[in-house]
Each structure stands twice: as C-alpha cells, then as structure tokens.
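Read the structure below first, then the notes.
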Amino acid sequence: MCSLAALARGCRPAAKPCCLCWCCCCSCSWAKCLAARGSEAGPGKKPPEPGPQEPLLQEGDAPPSLEEIQGWGQSFDRLMRSTAGRKVFRDFLRGEYSEENIMFWLACEELKRETDPDAVEEKARFIYEDYISILSPKEVSLDSRVREIVNRNMVEPTPHTFDEAQLQIYTLMHRDSYPRFVNSPLYKTLARLPEP
C-alpha cells in the first residue's frame, strides 16, 4: 500500500490502484475502503483529519476522473475548485511545510459563506489569531500593505475582511507551490503521467 506521502517519495503500488483510497487492491470500491477506514476510529471517536495516510474522499464523494486529475495540472483554478484536488494539494503543501496557506484560504472561503453577524465576528477573530497574528505558529506571509488593510477591516469584521489577504495567498500558492506540485511525483503518479 502506498500513501500519498509514500507516492511522493517514489513508492509504486504492487497492483494498479482501483480508487483514490490507496488500498491498491483492485477489488474494492472506494466507498468500501472508506467504510473500513472509518471503523478504525471506533465508536464515539472522531475520525482522523485527512492526511498522508488518510483517504482523499469521504463517504458520498465521487472520485475524480483521470481527466479531472489531469486538468489540475493545466489550471490552478481548476485544482482549487475541486474538493479532491484541494485535498491532494493540501497534502503536498503539508510536505513542503506550507499547509497554512491553503488552510487560511479555506477558512476565508468558509467565512464568506457565513451570514450570521456574530458568527462572522467570531470566525474572523479565529482566522486572525490563527493565520494573521505575528504570534501564530501558522502565520501566513503577507506584505505590510495587506496586513494594514486586514487590521483596519478587523475593527468591524465582515465576510470579506480577508479578501485582500486571501488573494495574496492564492497568488503565492499559484506562483510558488503550484508549479512544484505539477512537477511532483505525487501529481504525476495520480495523473498517470510519465516521469522524466
């Protein structure tokens, strides 16, 4: 069995994987594998966060087609619009010690969907403390102009408090991490592309 992390290190499954659950058995459906993995947590226990050893898909998720996976390499926007694509990219960023960038971007997306003003304020404060504060171990890299905008916006937080910061981090991931992702063994294996 090859996890995402193992695939990135060059592991090759003994059999052709039949799904994105990384069981490599060619006889299961990804839903069966997910159900088996879910039972490992045990009753009353929270399932683990998706990570290098965890499946890309949750129960009810449709596995991406090979064409969709190959499309991730053609467009960063396409990668970020795909749930499975974001999970694979997040795993890649974790290996590069820059997972906080996609975590911040996802937190901003969640904030934009919030309509309750009290919840907006609470979520905005959490985002600020987790990703903007210079005291945070997960601080994202923002220039001083954007940091000032965020600080002004925090006086009265809205769902769009972090728009400038989110755009700057999106651009950073697009220009910096995405080219390395597309050229990584992890992506080439998923997209079934030949490695140089």
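Derivation of every value follows stated rules applied to the coordinates shown; laboratory data play no part. Small disclaimer: the values here were computed from a predicted structure and weren't measured. Note that we place each Cβ from the backbone using ideal geometry, even for glycine, and neighbour counts take in every protein chain shown.
Would you confirm, using the coordinates I've provided, whether R145 is free of Cβ contacts under 8 Å to residues at least 60 places away in the same chain, loosely packed, with under 12 Cβ neighbours inside 10 Å, out of contact with any strand residue (DSSP E or B) (no Cβ under 7 Å at 6 or more places or on another chain) and not polar (S, T, N, Q)?
On the way: free of Cβ contacts under 8 Å to residues at least 60 places away in the same chain: yes; loosely packed, with under 12 Cβ neighbours inside 10 Å: yes; out of contact with any strand residue (DSSP E or B) (no Cβ under 7 Å at 6 or more places or on another chain): yes; not polar (S, T, N, Q): yes.
For R145, the condition - free of Cβ contacts under 8 Å to residues at least 60 places away in the same chain, loosely packed, with under 12 Cβ neighbours inside 10 Å, out of contact with any strand residue (DSSP E or B) (no Cβ under 7 Å at 6 or more places or on another chain) and not polar (S, T, N, Q) - is met.
Across segment 72-85, what is the total count of residues that are surrounded by fewer than 18 Cβ atoms within 10 Å (Cβ to Cβ) and either in contact with a Cys (Cβ under 8 Å, 6 or more places away or on another chain) or of a type outside the set (S, T, Y) (or both)?
Qualifying residue count for the region: 4.
Filtering segment 120-147 down to residues that are among the small types (G, A, S) and not in a helix (DSSP H, G or I), which residue is farthest from T161 (Cα to Cα)?
So the first thing to find is which residues in segment 120-147 are among the small types (G, A, S), and the list is 124, 133, 136, 141, 144.
From what is left, the residues that are not in a helix (DSSP H, G or I) are 133, 136, 141.
On the way: S133: 14, S136: 18, S141: 17 Å.
Residue satisfying both the conditions and the ranking: S136.
Just one of (1) on the phi > 0 side of the Ramachandran plot; (2) in contact (Cβ under 8 Å) with a residue 24 or more places away in the chain trips up Y97, so point out which.
If we test Y97 against (1) on the phi > 0 side of the Ramachandran plot; (2) in contact (Cβ under 8 Å) with a residue 24 or more places away in the chain, just (2) comes out false.
Looking at I134, is it surrounded by fewer than 19 Cβ atoms within 10 Å (Cβ to Cβ) and of a type in the set (V, I, T)?
Here the answer is yes, as I134 does meet what is asked.
Which of the residues spanning segment 148-196 are in a loop (DSSP other than H, G, I, E, B) and among the hydrophobic types (A, V, I, L, M, F, W, C)? Please lay out each step first, then the result.
Here is the first cut: in segment 148-196, the ones in a loop (DSSP other than H, G, I, E, B) are 154-162, 183-184, 191-196.
Within segment 148-196, M154, V155, F162, A191, L193 meet the criteria.
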